[in-house]
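Enquirer: Would you mind keeping the following structure in view while I ask a few things?
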Amino acid sequence: MTVVSREVVLKAENLVKHYPIKAGVLRRTVGHVKAVDGVSFELYKGETLGIVGESGCGKSSLARLLMRLEEPTAGQLTFDGVDVYAQKGKEMRRLRRDIQIVFQDPYTSLNPRKTVGDIVGEPFEIHTEVLPKRDRRQRVQQLLELVGLNPEHINRYPHQFSGGQRQRIGIARGLALNPKVIICDEPVSALDVSVQAQVVNLLAELQAGLGLAYIFIAHDLSVVRHISDRVGVMYLGKIVELGDEDQIYSRPTHPYTQALLSSVPLPDPRQRNSREQIVLTGDVPSPANPPPACRFHTRCWKAQEICSIEEPLLIERPDGESAHVSACHFAAPRVVV
């Protein structure tokens, strides 16, 4: 991991994204899916902020908001002090150079009809002011070499590469414009375990060499722990706990985080047998009709009456540590084996 400064490069404040539910012949709005519902965090220069949670908790919707691939229902996003959602035209186009994304599926995120050279070089076709046309081929070859691919394969097509190699191509494309922030939206979930490690190690090496900041979104807790400096845990559109990697994985305070970590497989049978596993009851509620107040109270073994009446704030708790916050009325550290 890189040395993290305290310079804020990206700041989200109360981000909200509600998708309308249409019904009837007239396609009237009868409700909303609350995919992201009040997410706030800061990303520091050179830092990796991991975002974890179950499928459907709003991680990918958050990624699209951070890239401004979708407009928010409410909230603010600032990059280097600039209001992202207030930018238009050339200003927004310029801003997109600094925030890039690596998509989840390397099999569908690359155009099968284009060569690798065209795919990695496409950002230069859009942002023509970045690099003269005569220098683009050489720059693409440099990018391929940077991510561990043979620069001589510039004229090959995506189907001639393995899944791990395709994801490296996606990373090379993301690096083309020298961004400051890269959003990694589950970049290894479609890959074999052995290949996952190679890609995660590559991302860490690139971060150390280029000073990048990552938002690393995943549902695999082990992968997130390997690469992240801080970790945010999402549940039904909200961040319920946020802290340093060691705080989250060794002394989680939110019941949902504790339940997630208790389900992580352990290779040592003695540790596995000595660890208490927390089994949550019931199903994940629908984001179209989330429970009132604390959204986790319908599955929480600590829940009391206040949990269904008053929403807990994401703040430092009495038993917590500095910069370690959780949204629970009864937050308390739990040592994880």
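Bear in mind that the values in this text are calculations on the coordinates, not laboratory data. Every value quoted in this text rests on a predicted model; they were computed, and no experiment measured them. Note: ideal-geometry Cβ built from the backbone for every residue, glycine included; neighbour counts use all protein chains shown.
Enquirer: Tell me which of Met234, Val199, Pro292 sits at the most positive position along the dipole axis of segment 149-292, charges placed on C-beta atoms (Lys, Arg +1; Asp, Glu -1).
Expert: Val199
Enquirer: Continuing with the same structure: What is the angle, in °, between the Cα long axis of helix 163-175 and the longest principal axis of the Cα atoms in the chain? Nearest 10 is fine, range 0 to 90.
Expert: 80 degrees
Enquirer: Continuing with the same structure: Rounding to the nearest 10 and keeping the result within 0 to 90°, find how far the Cα-based axis of helix 193-210 lies from the longest principal axis of the chain.
Expert: Tilt of helix 193-210: around 70 degrees.
Enquirer: Leaving out same-chain residues fewer than 8 places away, which aspartates and glutamates sit with a Cα under 16 Å from that of Lys45?
Expert: List returned: Glu7, Asp80, Asp98, Glu205, Asp229, Asp244.
Enquirer: Same structure, new question: Among residues other than Ser5 whose Cβ falls under 14 Å from its Cβ, what is the net charge (Lys/Arg +1, Asp/Glu -1)?
Expert: Numbers: positive: Arg6, Lys45, Lys180, Arg230; negative: Glu7, Glu42, Glu47, Asp80, Asp229.
Spelling it out: positives minus negatives among the neighbours equals -1.
Enquirer: Excluding Ser286 itself, what net charge comes from residues whose Cβ is under 15 Å from its Cβ, given Lys and Arg +1 and Asp and Glu -1?
Expert: On the way: positive: Lys34, Lys238, Arg295, Arg299; negative: Asp37, Glu54, Asp283.
Computed value for this residue: +1.
Enquirer: A further question follows. Taking the Cα centre of the chain as origin, sum charge times position over the Cβ atoms of Lys and Arg (+1) and Asp and Glu (-1), and report the length of that vector in debye to the nearest 20. All intermediate terms of the calculation are to be shown ahead of the outcome.
Expert: Values: 41 positive and 39 negative charges, 233 e Å.
Here the chain has a charge dipole of around 1120 debye.
Enquirer: When the dipole is taken about the Cα centre of segment 112-178, and only Lys, Arg (+1) and Asp, Glu (-1) are charged at their Cβ, what size is it in debye, to the nearest 20? Mind dumping the intermediate values first?
Expert: Numbers: 11 positive and 7 negative charges, 31 e Å.
Roughly 140 debye, rounded to the nearest 20.
Enquirer: I need the per residue convex hull volume for segment 112-178, using only the alpha carbons, in cubic angstrom as a whole number. Don't skip to the end; give the middle numbers.
Expert: Working: hull volume 5.0 nm³, N = 67.
In segment 112-178, the Cα convex hull volume per residue is 75 Å³.
Enquirer: Cut-off is 10 Å between beta-carbons; in what order do Arg6, Arg97 appear when sorted fewest neighbours first?
Expert: Values: Arg6 8, Arg97 17.
Lowest to highest Cβ neighbour count: Arg6, Arg97.
Enquirer: Still on this structure: Could you give the nm distance between label points at Arg156 and Ser55, where each point is 7 Å from its Cα heading toward the beta carbon?
Expert: Each label point lies 7 Å from its Cα, and together they span 3.1 nm.
Enquirer: Then there is this: Strictly over 25 Å apart at the Cα level, which of Lys11/Lys133; Lys88/Lys114; Lys238/Lys302; Lys11/Lys34; Lys22/Lys302 would you flag in this model?
Expert: Details: Lys11/Lys133 35 Å; Lys88/Lys114 30 Å; Lys238/Lys302 19 Å; Lys11/Lys34 21 Å; Lys22/Lys302 36 Å.
Flagged as over cut-off: Lys11/Lys133; Lys88/Lys114; Lys22/Lys302.
Enquirer: Right, something else. What chymotrypsin sites (Phe, Trp or Tyr not before Pro) does segment 88-168 have in DSSP loop regions with at most 14 other beta carbons within 10 Å? Can you show the working numbers first?
Expert: Numbers: sites: Phe103, Tyr107, Phe124, Phe161; in loops: Phe103, Tyr107, Phe161.
Here the chymotrypsin sites (Phe, Trp or Tyr not before Pro) that fit, given the DSSP loop and packing criteria, are Tyr107.
Enquirer: I need His297, His153 ordered by Cβ neighbour count within 10 Å, fewest first. Before the final figure, lay out the partial values.
Expert: Numbers: His297 22, His153 17.
Going from least to most buried by this count: His153, His297.
Enquirer: Let me ask something else. Which residue fluctuates the most in the chain, going by a Gaussian network model with Cα springs under 10 Å, if the choices are Ser228, Ser286, Ser194?
Expert: In the Gaussian network model the winner is Ser194.
Enquirer: Can you tell me the 0 to 90 degree angle between the C-alpha axis of helix 116-126 and the longest principal axis of the chain, rounded to 10?
Expert: It is inclined by approximately 90 degrees.
Enquirer: Moving to a separate point now. For Ser61, Ser262, Ser250, Ser55, which order do you get if you count the other beta carbons within 10 Å of each Cβ and list the fewest first? Can you show the working numbers first?
Expert: Details: Ser61 23, Ser262 17, Ser250 14, Ser55 9.
Lowest count first: Ser55, Ser250, Ser262, Ser61.
Enquirer: A follow-up question, please. Could you bin all the Cα-Cα distances of the chain into 10 Å bins starting at 0 and give me the percent of pairs in each, rounded to whole numbers?
Expert: 5, 23, 32, 24, 12, 3, 0
Enquirer: If you don't mind, there's one more thing I want to ask. Tell me the label-point distance for the pair Asp80, His32, using the 7 Å Cα-to-Cβ offset, in nm and rounded to one decimal.
Expert: 3.3 nm
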